[in-house]
Structures are given as C-alpha cells and as structure tokens.
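J.: Before anything else, here's the structure in question.
Please treat every number below as a calculation from the coordinates, not as lab data. Nothing here was measured: the structure is a model prediction, and the numbers come from that model. Reconstructed Cβ throughout: ideal geometry from the backbone, glycine too, with neighbour counts over all protein chains shown.
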Amino acid sequence: MKTLNIALVDDEKDFHEIFNIFLRPYISDDKVAVFNFLSAIDFLEYLETDSHQVRIIILLSDINMPDMDGISLCEIINEKYPHIETYIATAYGNDEYKSKAKEVGVKDFFTKPVNFKVIQELIEKKIEEYNI
Amino acid sequence: MYTIKQILYRRFLIIVILLAVVSLVFEAFQLNYVVNDFVRSSRKSNKILAQAFEPFVEKSTDVDFKSIVSVLDFENDYQLIELTNLKGKILAIKGEWPSVDENEIVKGLTYEYFKERLNLYFNKKKIGEILILRKTDKLKDKVFNNLAYFFFALLGITFTLFLLGRKLSLEVSNSLGEMRDRFSKARELSFYENYNQSDQNYFSEEIKDLSQSFSDLIFDLKTSKNSLEELNAELEERIRLKTQDLRHSIADLKKYQRKLVAQEKLVSLGTLSAGVAHEIKNPLNLIANSAKLIENVIVEFDKVDEELRNSNLSQSSLESIDLGLSDLKVTTRIIRDNSERADSIIRSMLQQTRAKASELEFVNYTEMLTKISSLCYHSARAKDKSFDVQIIRDIPEQLALHCYPVDLERALINIFDNAFYAIRHKKKNLREEKYSPELVIRAVKSDDYFEVMISDNGVGISKDLRDKIFEPFFTTKPSTEGTGLGMSMIYDIAMSHDGDLLVDSIEGEGTKITLKISSKLGREN
C-alpha cells in the first residue's frame, strides 16, 4: 500500500499540530504520512540518514526560520533530491520571495494563513496522481 | 656620434695631408729651380772655361791647359774635359769617361753627370770644340739637403700640430667631461648649492662661461621645479581640504537624511500601528474570548466524560468523541496562544513607536543607565531564578544630557534585554561547562557624543546575520520570545538623537553595542 509522504518544515509547533489534525482523516486511512521538522537542518539531516527508508514526495516549508530559510532549503532539495516536490507556505507573500522561490524550482507558493481547502485539493490531486 | 677627441684627430689628419700635398707642390717647384740653377750656373762656368781654353787651342801649349785644369776640382765637380780641333783630333784631355753609356750622357743632364759640348772660337772663327763632363754631386747634395729640410720641416710641423691638437683635445674633452660629470651629479644632488667658483679654475674661459650658464640654468630649473612642487603641494592640499569638506557635507547630509527617516518612521509607524492595532485588537479580543468559551465547554464535556463511558455508546463512537475532545483542546489552546501572541506583537509595535513627537529633556544619564540595567537584570532574574550576571559599571558620576527620555529608555531596555538573552542562551548551550557571565557598561563623553558601550560575553552574532539585525521583524529568537523589532527601534532612536549605533560581535564570544547620542542636542537653536 502506497502512502503520500509529506514533510512539513516549520519552526512553529502549533502549525504542525493543526496540520496533523487537519490531515487526520488521510493519516488514519494510511493515505498520507506527515513527517514534522522544526528546522530545515533537521529535515536535511533526516534525508541524509533515513532517505532510503521513507520516500518523501512532498515538502511544505515555511520561509522565515532560524538556522536556514525555506528558499535555501528548497534550493538544496531540488538539487540533491529532485524527486521531492517542494511547496512553500509563508506569511511573507511578497513578489520577491515568490520569484526567488520560482527560480529555485518551488512548485507552488501559499500565503499564510494557509487556506486548508487549497492544501486539501493539492493532496487529493497527488493521491490520484500517485495512484494511492 | 664621435667624441671630441675623434673629431679632432680627423681634422688633424686632414690638415696634415693637406699640408703635405701643398709642401710637396712647393718642393717640386723648388727642386725644379735648383736643377735649373745648377744647369744655368754650370753653363756659365763652362762658357768661361771654354773661352779660357780658346788661346790654348790656337797656340797648342800644353802648359796652359795643365795650369787651367789644375785649378779645377776634378774630385767633386769635373769628370772630363776634352779639347778637339776642327778635324776631330783630340788636343788635350783631362779625366776619363765614366763607365756609363756615352749615348745617355749625350742628352745633357743625367742623374750622375752634366755634359756640354761648346765651340771654340778665335777671331770669330771656329777653331775647335770642347767637351765638358761634370759630376752632379753638388746638385745631388743640394737636392738631398732640400728634401731633407722639407721632410724634417713637415715632420716638425706635423708633430707640433699633433701636440697642439692633443693638448686642445685634452683640454676641451677633459673639461667637458668634468662638466658632464658635475652636471649629471647636479641632477641628483642640489649641486648648485655647493657650486664653488674656485673649482672652475681648471676650466678655460669658454668652458667656464658654459659651465656657469649650465649651473645658472640648473639653478633656474631647480627653482622652477621647487616652486612647481610647492604649487602642486598647495593645490593637492586645497583639493584634499575641499574633498574633506565635501565628504563631511555628504556625511552630514546622510546623517540628516537618516535622522529624518528615523523620525518619520517613528511617527508614521506610530500613527499607523496605533490605528491598525485598535482595529485588530477588537477581532483578536473576540477570537481569544471565544476560545476561552470553547475551553469552558470542553471542561464541561470532560466532566460528563465518565457518564458517557457508562452509557450505551459503542467503543468506536467513544474513541471518536475522545479524539474530537483532544483535538478541540489543542486547537483552542492554539487559538488562545496565538491571539495572545498577536496581541503582544501589536503591543510591541505600539511600544516601538510613538504617536506624538516627544520633547527634549535634560536628564541624568548616570541614573538612567544604572536604573535601566538593574531593572532589566531583575526582570531577567524573575523569568529564570538561576540567572546571574556580574554587571560592571564604568560610568562617570553625574553624566547629564539632552535626550528624548522615553525613547532612550526604551532603546536601553532593548539593548540590556538582548545582552541578557545572549548570556542566557550561551549558558543553556554550554550546560555544564564553566562560564561566568559578565556585562560591562561603560559610558564616555567625547566632544560630539555621549557614548555608552554595553558588552556582554554571550553567544555573539554570526557574520551573516550582522547586516540583517537592523531589519524590522528579523529575529533569531523563537517566535514567542521576540518580534524582531528591537534592533531596528534602537537604531531609529539613535538616529533621532543625531547619534549612531555600532555593533561589534564575535560569534561565541560576545557582543558590544555602542550607542552614541549627540552632545549637541538641546544646543541647536
């Protein structure tokens, strides 16, 4: 049985909690698995060590984080792990960030507060796409 | 290019050759004259001799012949005298034919001999002939002497010319060489200053003049060069001063611009955030209160939980109710926490700004620094009981200044809070390791500024972040501990005091913040 593995990188714990509650129906059906990381470095470390066990398909990252910002993270991911689709969710919805994100290969750019409906549509589409 | 010596030798050679050619021509004429003279005088004496022999031929007395002949010099001059009558018979002969072909002598003058045949007359009638053969020794001597004189004279003249030329060449080239050496030195040294007239005794008049002209010229050149250099230096100095002025003007302009922007920002952000804050505070208040109400409801649900378990509901329904309740708890907590957070952000935005322009006041800075630092220390202690810092205060007594006290206090509070945060953070990172936190507050008054330097030995700021720290909303603190407005506010406050804010930091070792406040505030106008 296939699972849509989503990595969530955000320095706000509350965002992780609310995201997990929102995705609970998919998680309990084993259609989606969420991997939570409080910083970009944590996620990169995880990929270095555990990438062979779990194949992450989608990355949803914040921009403004201590240690490393989301755009730099997406740049690294798109270079080193091109199979991961990168998405950005941020409170800073300015055009400069949007064009930078596009440059480094980010698939879509959501402005916080994130409309869960849009995320849901994306996940439904991906589930269909990956035949889950 | 030739040296003077070479030129003079060339000229000398041409002169000698010309002289030789001219004297050769002259010598040729002279030799011609000598030979002609010899022939003429020989002919003359021969004629006299012939006339002397005329009576002898007539009378045929041998005594006469001998007496005449005995007078003649047969050693050096005469070779042969032969008298013949008309029939060709030899009447008398003295001397003998030399061992030379007669035909050659027939021609007259040869190298060795001069031959002449004369007719002898008596009473105007030819009576016989006389043959006189004379040696040319005398002529040869003369010619030889002449040539010798000529040769020695030429040699003498050549030698004299050579010596003269040599002398001239030495004199000219030596003094020119001397001059060249002196003036080439003069280019490096200030030759004209040591230039001594008595040194010139060695030179000829012309060279002296030349040398004098040269040294005058060099003196003029040096003088001109010096005055040019002076002018240049003066010009450079003027340009430097002008540039300095311009730089100062630009710096002043930038400072005023910064000050204007800072003040503008403080006021406009104040007005804006005051307006926005009130608009947002109301919905936030509603959200927070609603969350509170939901929480109350959840508490009520928890109370009836036991009853629910005892009811006839299925296990899965109970589980889903439990799950729903726990989700509700989490989400309401998130709503409450985050509305509080939003509220605190709005409050700090309001703090950072002021809606109305504040008034300059004359305050005791020593007191302010002491009061604020201990206030911040105690507030940090209140959050964390284990927190302890050694505060070293190096502040002059009774330091007083003009400032906007509310703004300045806010800036200082932020600086101290940051310092204590950095120290706390380092202590947390180091855990068990030995670390004695220290905060140094040093205040100095210079001519232009009141400077306060606040140094902590906390975590420091990495190079990458140093430029970003003045950006509003930039923070490395977790979102619950800072809004990222502090440094930009301190900077704006420093600017509004005509001052400056400097950050020196070494990552892992500490940070030094220098806050400068203009000492001219309150003195304007």
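J.: Compute the Kirkwood hydrodynamic radius of the range A:11-111, taking the inverse of the mean of 1/r over all pairs of distinct Cα atoms, and give it in Å to one decimal.
T.: Working: mean 1/r = 0.0707 Å⁻¹.
Kirkwood radius, the range A:11-111: 14.1 Å.
J.: Related question: Relative to a virtual label point 7 Å from the Cα of B:Asp388 in the Cα→beta-carbon direction, which members of the range B:433-465 show backbone nitrogen distances below 20 Å?
T.: B:433-441, B:456-459
J.: Test of understanding: ordering B:Leu328, B:Leu86, B:Leu155 by Cβ neighbours within 10 Å, fewest first, what list do you get? If you can, show how the numbers build up before the last one.
T.: On the way: B:Leu328 16, B:Leu86 13, B:Leu155 10.
Fewest-to-most ranking of B:Leu328, B:Leu86, B:Leu155: B:Leu155, B:Leu86, B:Leu328.
J.: Taking the Cα centre of the protein assembly as shown as the origin and placing charges on Cβ (Lys, Arg +1; Asp, Glu -1), which of B:Thr223, B:Ala382, B:Tyr113 is farthest toward the positive end of the dipole?
T.: Farthest along the dipole direction, towards plus: B:Tyr113.
J.: Next up: Against the 2.2 N^0.38 Å scaling, with N counting residues, where does chain B land? I'd like the Cα-based Rg ratio to two decimal places.
T.: Rg over 2.2 N^0.38 Å, computed on Cα atoms: 2.86.
J.: Additional query: If each residue's Cβ is checked for other Cβ atoms within 10 Å, how do B:Met453, B:Met1 rank with the fewest at the top? Numbers along the way, then the final one.
T.: Values: B:Met453 17, B:Met1 3.
Final ranking by Cβ density, sparse to dense: B:Met1, B:Met453.
J.: Counting only chymotrypsin sites (Phe, Trp or Tyr not before Pro) that are in a DSSP loop and have at most 12 other C-beta atoms within 10 Å, tell me the longest site-free stretch of chain B.
T.: Numbers: sites that count: B:Tyr2, B:Tyr111.
The longest such stretch corresponds to B:112-525.
J.: Now, a different point. Distance from the Cα centre of the range A:1-63 to that of the range B:502-525, in angstrom?
T.: 45 Å
J.: Could you tell me the calculated FRET efficiency between B:Ser99 and B:Ile127, based on Cβ-Cβ distance and R0 = 41 angstrom, to the nearest 0.05?
T.: Values: r = 31 Å, r/R0 = 0.77.
That pair, B:Ser99 with B:Ile127, gives E of 0.85.
J.: Between B:Thr271 and B:Asp504, what length comes free when the chain is fully extended (0.36 nm per residue of separation minus the Cα-Cα distance, one decimal in nm)?
T.: Numbers: separation 233, 0.36 × 233 = 83.88 nm, distance 3.31 nm.
So the chain would gain 80.6 nm between B:Thr271 and B:Asp504.
J.: Just from its helices, what would the mean residue ellipticity at 222 nm be for the protein assembly as shown, if runs of 4 or more DSSP H residues each count -39500 (n - 2.57) and the sum is divided by every residue, rounded to the nearest 500 deg cm²/dmol?
T.: Theoretical 222 nm ellipticity from helices: -21000 deg cm²/dmol.
J.: While we're on this one: Out of the DSSP beta bridges found with both residues in the protein assembly as shown, what percent are antiparallel (nearest 5)? If you can, show how the numbers build up before the last one.
T.: On the way: 49 of 72 bridges.
Here the antiparallel bridges make up roughly 70 percent for the protein assembly as shown.
J.: Where nothing but the Cβ of Lys and Arg (+1) and of Asp and Glu (-1) is charged, how large is the charge dipole of the range A:4-132 around its Cα centre, in debye to the nearest 20? Mind dumping the intermediate values first?
T.: Values: 13 positive and 25 negative charges, 81 e Å.
In total the dipole reaches around 400 debye.
J.: Ok, one more. List the trypsin sites (Lys or Arg not before Pro) within the range B:425-521 that DSSP assigns to loop and that have no more than 14 neighbouring Cβ atoms inside 10 Å. Show your work: numbers first, answer last.
T.: Values: sites: B:Lys426, B:Lys427, B:Lys428, B:Arg431, B:Lys434, B:Arg442, B:Lys445, B:Lys463, B:Arg466, B:Lys468, B:Lys512, B:Lys516, B:Lys520; in loops: B:Arg431, B:Lys434, B:Lys520.
Hits after loop and neighbour filter: B:Arg431, B:Lys434, B:Lys520.
J.: Taking 0.36 nm per residue of sequence separation and subtracting the Cα-Cα distance, how much length would be gained by fully extending the chain between B:Ser358 and B:Gln6, in nm to one decimal?
T.: Numbers: separation 352, 0.36 × 352 = 126.72 nm, distance 9.68 nm.
Using 0.36 nm per residue and subtracting the Cα-Cα distance, I get 117.0 nm.
J.: While we're on this one: Per q in 0.11 1/Å, what log10 I(q)/I(0) does a Debye calculation on the alpha-carbon atoms of the protein assembly as shown return?
T.: Taken in order of the listed q values, log10 I(q)/I(0) reads -1.23.
J.: Take peptide A:12-22, look around each residue's Cβ out to 10 angstrom, count Cβ atoms belonging to other protein chains, and average those counts. List each step's numbers first, then the result.
T.: Values: counts 6, 5, 9, 2, 0, 5, 6, 0, 2, 7, 2.
Partner-chain Cβ atoms within 10 Å, mean over residues of A:12-22: 4.
J.: Compute the length gained on full extension between B:Lys59 and B:Leu176: take 0.36 nm times their separation in residues and subtract their Cα-Cα distance, giving the result in nm to one decimal.
T.: Values: separation 117, 0.36 × 117 = 42.12 nm, distance 8.81 nm.
Net length gain for the segment: 33.3 nm.
J.: Over the Cα atoms of the range B:24-66, Rg to Rh with Kirkwood Rh, two decimal places? Provide the component values of the computation, followed by the final result.
T.: Details: Rg = 17.0 Å, Rh = 12.5 Å.
Ratio value, two decimals: 1.36.
J.: Where the Cα atoms of the range B:118-168 are projected onto their three principal axes, how long is each span, largest first, in whole Å?
T.: Its Cα atoms span 74, 18, 7 Å along the three principal axes.
J.: Determine, from the Cβ-Cβ distance of B:Leu286 and B:Gln244 and an R0 of 51 Å, the FRET efficiency 1/(1 + (r/R0)^6), rounded to the nearest 0.05. Write out the running numbers ahead of the final one.
T.: Values: r = 61 Å, r/R0 = 1.21.
The value I calculate is 0.25.
J.: Under a point spin-label approximation (7 Å from Cα along Cα-to-Cβ), what is the B:Leu430-B:Arg166 distance to one decimal in nm?
T.: Here the answer is 9.7 nm between the modelled labels.
J.: Oh, and also: With the crude spin-label approximation of a point 7 Å out along Cα→Cβ, what separation in nm comes out for B:Asn145 versus B:Ala251?
T.: 10.8 nm
J.: Quick one: check the C-alpha center-to-center distance for the range B:370-412 versus the range B:269-345, whole angstrom.
T.: Centre-to-centre distance over Cα atoms comes out at 39 Å.
J.: How about the range B:108-181: which GluC sites (Glu not before Pro) there are in a DSSP loop, with at most 16 other Cβ atoms within 10 Å of their Cβ?
T.: Details: sites: B:Glu112, B:Glu116, B:Glu129, B:Glu171, B:Glu178; in loops: B:Glu112.
Qualifying residues, ordered by number: B:Glu112.
J.: Report the calculated FRET efficiency for B:Ala153 and B:Leu217 (r = Cβ-Cβ distance, R0 = 45 Å), to the nearest 0.05.
T.: Details: r = 47 Å, r/R0 = 1.05.
Computed FRET efficiency for B:Ala153 and B:Leu217 comes out at 0.45.
J.: Hey, got the Cα dimensions of the range B:359-525 along the principal axes, in Å, largest first?
T.: Its Cα atoms span 56, 32, 25 Å along the three principal axes.
J.: Chymotrypsin sites (Phe, Trp or Tyr not before Pro), restricted to the range A:29-132: which are DSSP loop and have at most 16 other Cβ atoms within 10 Å?
T.: Numbers: sites: A:Phe35, A:Phe37, A:Phe43, A:Tyr46, A:Tyr87, A:Tyr92, A:Tyr97, A:Phe109, A:Phe110, A:Phe116, A:Tyr130; in loops: A:Tyr92, A:Tyr130.
Those satisfying the criteria are A:Tyr92, A:Tyr130.
J.: Only Lys, Arg, Asp and Glu count, each charged at its Cβ (+1, +1, -1, -1), so figure out the dipole size of chain B about its Cα centre, rounded to 20 debye.
T.: 2720 debye
J.: Now for a different question. Using the number of other C-beta atoms within 10 angstrom as an exposure proxy, rank B:Thr84, B:Thr160 with the fewest first. Show your work: numbers first, answer last.
T.: Details: B:Thr84 18, B:Thr160 10.
Result, fewest neighbours first: B:Thr160, B:Thr84.
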